[in-house]
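The values are calculated or read from the model by the stated rules, or taken from the named source; none is laboratory data. Please read all numbers here as calculations on a predicted model, not as lab measurements. Don't worry about glycine lacking a Cβ; one is built from the backbone with ideal geometry, like all the others, and counts go over all protein chains shown. Ligands, DNA and RNA are stripped out before the accessible areas are found, and what is left, the full protein with its side chains, is counted by its heavy atoms. Shrake-Rupley method; radii C 1.70, N 1.55, O 1.52, S 1.80 Å.
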Amino acid sequence: MEPLKYLGEVAPLPTQRPHAGMLRREAAETEPSAPRRHPRCRAHHHPPTPSPPVREKHAPAPSSRSGAPRFERQEGMRKQLQYMLSHVTSNYMPSEDPKALAGHSKTRQNTEVSASPRGQAEMAASCTFAVSAPFGASSSSSSARRSRRFGVVAMASVGQKVYVPGVAVSEGNGGLPKISLKSPQGSEAEIYLFGGCVTSWKVPSGKDLLFVRPDAVFNGQKPISGGIPHCFPQFGPGAIQQHGFARNVNWSITDSEVTEGDPAVTLERKDDSYSRSMWDFSFQALYKVTLHSTSLSTTLTIINTDDKPFSFNSALHTYFSASIAGVSVKGLKGSKTLNKDPDLKNPLEGKEEREEVTFPGFVDCVYLGAPSELTLDNGLGDKIVISNTNWSDAVLWNPHLQMEACYKDFVCVENAKIETVQLGPKESWVAEQKIELI
């Protein structure tokens, strides 16, 4: 079969839209110095290319392709790339619209956001996020719950949102970095990286069920008084500072995810020179906070990364908004008690006999072997179920006249591990808490 022959240029029809090849040929013909190039035919036959002109020694070699066609190709590629990016951005980037979240059943984000030094507001975070892929989706029945990742990277700093549905990082009180969680149903939570402290939990009605004391400071020097502070590796007074150091140091974000619209973030704290000056062990603490429509869940994991065993105590010192005159706690009847009233240093052992514990005055009582579920009536018309796994003990506290300015407005119902936990090298301990409005 004889090869096809080049028969010359064919002008496009009046209604035919010129394509990139035509533009390149026209550009080449209008350029005097550009050598004429034969267009490719459908059989991919290329007429012989004329030999390059003889060059002098050291003379720069001319481009094998003329400037105008090469520019057209680059420009075309650039426009095509812009179109593809704009198409992906406008159609597949995550949205904070609750309706749009339904299409992203699970979105995970690996981040590394470290709190700034105490009292400083500058912080930057590099956040990688992914959404469900629109191409090549699985045909299985579980495909709606799966997600794929693609290489989209966003930079976030204080004052900027992290573009993952329901999760944002901004500057909080005192310039301290703050994480905000929002669910599609309208619930919200705030977590400060200093102390890894949850300071707010709002249900869809907008009511905040946690309490931060009016004397709380946000200066990165003292623990935040309110919300859900950490007590680790010590609860109460002891060999190191009151309630340990975990509430008085910076934590960092290591992971975040959105599952069926519910956002979650995982914080991390490791040993450093500050912690070792008080407690000379290597450890890793992970703290996951998950926001649901009417509940807030936390998971604390302590890992021994040392080559020797260590022991610790821990608690979540949760402050609930309340009207103390109407507060009651159910579920503690039959538990062994260590009552610190009247002597904090020599608590009285006893047994709880009441169906409901009330707060007519000063209350500071430890309940050993407490049930895994308690019910709090906060006196404001709300009932909150406090459930847990592996927090074996509970603490009730209200300072009464010791904090005359605010004692009427809160009550502490704390999940705790009073008995010492022993961890060998590479061993871990996990405890979960869930507070839910019913």
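General observations
- Contour minus Cα-Cα distance for SER293 and LYS345 (0.36 nm per residue): 14.6 nm
- Accessible surface of region 327-407 [probe 1.4 Å, protein heavy atoms]: carbon and sulfur percent: 48 percent
- Length-normalised contact order for region 217-275 - Cα pairs under 8 Å, 6+ apart - percent: 22 percent
- Pair GLN241, SER428: separation of 7 Å Cα→Cβ label points (nm): 2.7 nm
- Protection proxy ranking of 317-328, 271-282 - average other beta-carbon atoms within 10 Å, highest first: 317-328, 271-282
- Solvent-accessible heavy-atom area per residue, rounded to whole Å², over region 281-438 at 1.4 Å: 43 Å²
- Full-stretch length increase - LYS336, SER273 - with 0.36 nm per residue and alpha-carbon distance subtracted: 18.8 nm
- The alpha carbon gyration tensor of region 298-341 gives principal lengths a ≥ b ≥ c with a/c of 1.5 or higher and a/b greater than b/c, which makes the shape prolate.
- More than 16 angstrom apart: percent of Cα pairs within region 232-298: 55 percent
- At R0 = 60 Å, FRET efficiency that the Cβ-Cβ distance of MET403 and ASP306 yields, to 0.05: 0.95
- Taking only alpha carbon atoms, region 337-432 gives an Rg to Rh ratio of 1.01, where Rh is the Kirkwood radius.
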